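**Student:** First, the structure itself, so that you have it in front of you.
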Amino acid sequence: MTEPKRITLTPVHEALGAKMVPFAGFLMPVQYTGVNDEHLTVRKAVGVFDVSHMGEFLVRGPQALDLVQKVCSNDASKLGPCKVQYTCLPNETGGIVDDLLVYNLMEGDDPHYLLVVNAGNIQKDWDWINRHNSFDARLENISDKMGLLAVQGPKAVDTMKGFFSEDIAAMPYYTAKYAEMKGVGLVLLSVTGYTGAGGFEIYVPNELLHKAWEAVLEAGKPFGIKPCGLAARDTLRLEMGFCLYGNDIDDTTSPLEAGLGWITKFTKEFTNSAALKAQKEAGLKRKLVGFELVDRGIPRHGYPVVDDVGNAIGQVTSGTMSPSLQKPIGLAYVPTEKAAPGTGIFVDVRGKKLRAVVVKVPFLQPG
């Protein structure tokens, strides 16, 4: 068995008492003070996540956009300079290779895109995109050179604003820019988020990562900042109904079934676009929905969704006890006729048929 890779700040996390676990091929901090504490810190104040396990690819060259358009479902031609787009890599059999972010970092006349991919799919995505690169486009995998910190929460602006001469509070959602971070160096700063709590991502070369981590923790002290692990990141994203690759979407799930029709643009051709368009026109047989358990229990990934007589009709893809709502919530694929909010379903939790109801996502409403 291959040993998990250690990220640059592994010794720092260990010294802070983090529980380190293998995740997506990396040894990662899953929690420090506890999932609920870290979760609520991000919802109410500010937390910092080390997500340096994520993958980063640069795409340059005269036909960089053509390659991105070919492999991605969203329409990157609409992506202006310093803008970011959520998209996915459809496979050739109706599923998803990965979901990712595309950054347009065009410098002058040089097309320059950054693709940020999931840690467990770095090699898979790299091979897939290269396989489809019949264009005048150059690819560079910089995953091992880059660190990534996510500063999330309502106090993220207060924590970060002293580092930059520009007004970073004015940065619109899903934008990015290179900026000099005082005391650290040149970083790529973005506003995308995976928590629904607001905040920033800091892409920084590994040699500057420790400096950036310490600076953020020091700046956030007056606002109650805490280091946060992947467990809280998971509960935070689930409250917002955001998909997690490997749970809610994978090589067998259609982006349309997963509620990602909004990033599946048939105004252009992309991998398997004709088949996905035909699926849309024919009508979907199943959909990914949010649900709340009515009965006492906690839904987990892989639990069957059943009808009133116990026949399996779907499957839970993500589930938890929401720290913010104090309710058991989850995502599941169900038949289309069971997908409307208010519809009653059942979840088989360790042999017990528990009542649940389909609800709109996000589970946690803004404000």
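**Student:** Just give me the residues in the stretch 261-302 being among the hydrophobic types (A, V, I, L, M, F, W, C) and without any contact (Cβ under 8 Å) to a residue 40 or more places away in the chain, in sequence order.
**Tutor:** Those that are among the hydrophobic types (A, V, I, L, M, F, W, C) and without any contact (Cβ under 8 Å) to a residue 40 or more places away in the chain: TRP262, PHE266, ALA274, ALA278, ALA282.
**Student:** Okay, moving on. Under 9 Å by Cβ, and 6 or more places apart or on different chains, what pairs join a residue from the stretch 309-324 that is without any contact (Cβ under 8 Å) to a residue 40 or more places away in the chain with one that is part of a loop (DSSP other than H, G, I, E, B) and among the acidic types (Asp, Glu)?
**Tutor:** What qualifies is ILE313/ASP307.
**Student:** Checking GLU201 against (1) more than 14 Å from the chain's Cα centre (by Cα); (2) crowded, with 22+ Cβ neighbours inside 10 Å; (3) among the acidic types (Asp, Glu), which test does it fail?
**Tutor:** Answer for GLU201: the failing condition is (1).
**Student:** Of the numbered conditions (1) within 21 Å of VAL35 (Cα to Cα); (2) modelled with pLDDT of 95 or more; (3) not basic (Lys, Arg), GLY193 satisfies every one except a single condition; which is it?
**Tutor:** Evaluating GLY193 over (1) within 21 Å of VAL35 (Cα to Cα); (2) modelled with pLDDT of 95 or more; (3) not basic (Lys, Arg) leaves (2) as the failure.
**Student:** Does LEU101 fit the bill of being crowded, with 16+ Cβ neighbours inside 10 Å, in contact with a Phe, Trp or Tyr (Cβ under 9 Å, 6 or more places away or on another chain) and under 18 Å from TRP262 (Cβ atoms)?
**Tutor:** The answer is yes for LEU101.
**Student:** Of the residues PRO227, PRO172, PRO222, which is within 18 Å of ALA45 (Cα to Cα) and surrounded by fewer than 17 Cβ atoms within 10 Å (Cβ to Cβ)?
**Tutor:** From the options PRO227, PRO172, PRO222, the qualifying one is PRO222.
**Student:** Still on this structure, please answer the following. Could you identify the single residue in ASP99, ASP109, ASP75 that is more than 22 Å from the chain's Cα centre (by Cα) and outside the structural domain of PHE26 (by TED's automatic domain parsing)?
**Tutor:** The unique qualifying residue is ASP109.
**Student:** Pairs needed: first member in the stretch 136-165, among the basic types (Lys, Arg); second member anywhere, part of a loop (DSSP other than H, G, I, E, B); C-beta distance under 7 Å; at least 6 residues apart or different chains.
**Tutor:** Pairs found: ARG138/GLY61; LYS155/ALA45; LYS155/VAL46.
**Student:** Do you know which of the residues in the stretch 1-31 that are assigned to a strand (DSSP E or B) and of a type in the set (A, V, I, L, M, F, W, C) is surrounded by the fewest Cβ atoms within 10 Å (Cβ to Cβ)?
**Tutor:** The residue in question is VAL21.
**Student:** ILE345 is checked against (1) of a type in the set (A, V, I, L, M, F, W, C); (2) touching a Gly at 6+ places or on another chain (Cβ under 7 Å); (3) more than 26 Å from ALA76 (Cα to Cα) and fails just one. What number does that condition carry?
**Tutor:** That leaves (2) as the condition not met.
**Student:** Please enumerate the residues belonging to the stretch 187-217 that are of a type in the set (Gly, Ala, Ser) and in a helix (DSSP H, G or I).
**Tutor:** ALA212, ALA215, listed by residue number.
**Student:** Determine which member of the set GLY47, GLY17 is modelled with pLDDT of 95 or more, of a type outside the set (A, V, I, L, M, F, W, C) and in contact with a Cys (Cβ under 6 Å, 6 or more places away or on another chain).
**Tutor:** Just a single option satisfies the conditions, and that option is GLY47.
**Student:** Of the residues that make up the stretch 33-45, is at least one of a type in the set (Lys, Arg) and within 27 Å of GLY261 (Cα to Cα)?
**Tutor:** The answer is no; no qualifying residue exists.
**Student:** Which residues, taken from the stretch 243-255, are buried (at least 18 other Cβ atoms within 10 Å of the Cβ) and either touching a Pro at 6+ places or on another chain (Cβ under 7 Å) or not charged (D, E, K, R) (or both)?
**Tutor:** Within the stretch 243-255, CYS243, LEU244, TYR245, ILE249, THR253, SER254, PRO255 qualify.
**Student:** For the stretch 261-315, which positions are aliphatic (A, V, I, L, M), in contact with an Asp or Glu (Cβ under 9 Å, 6 or more places away or on another chain), outside any helix (DSSP H, G or I) and surrounded by 12 or more Cβ atoms within 10 Å (Cβ to Cβ)?
**Tutor:** LEU284, LEU288, VAL305, VAL306, ILE313, listed by residue number.
**Student:** Among the residues in the stretch 216-235, are any touching a Gly at 6+ places or on another chain (Cβ under 9 Å) and of a type in the set (Val, Ile, Thr)?
**Tutor:** Yes, the stretch 216-235 has at least one match.
**Student:** Can I ask one more? So is ALA119 among the aliphatic types (A, V, I, L, M), over 30 Å from ASP50 (Cβ atoms) and modelled with pLDDT of 95 or more or not?
**Tutor:** Answer is no for this residue.
**Student:** Shifting gears a bit: Checking the condition β-branched (Val, Ile, Thr), in a helix (DSSP H, G or I), buried (at least 18 other Cβ atoms within 10 Å of the Cβ) and in contact (Cβ under 8 Å) with a residue 60 or more places away in the chain, which residue from VAL59, VAL84, VAL42 passes?
**Tutor:** Residue meeting the stated conditions: VAL42.
**Student:** With respect to SER73, is the statement that it is assigned to a loop (DSSP other than H, G, I, E, B), touching a residue at least 60 places away in the same chain (Cβ under 8 Å) and either touching a strand residue (DSSP E or B) at 6+ places or on another chain (Cβ under 6 Å) or closer than 21 Å to LEU89 by Cα (or both) true?
**Tutor:** Yes.
The values are calculated or read from the model by the stated rules, or taken from the named source; none is laboratory data. Computed from a predicted structure; not experimentally measured. All Cβ positions, glycine included, derive from the backbone under ideal geometry; neighbour counts span all protein chains shown.
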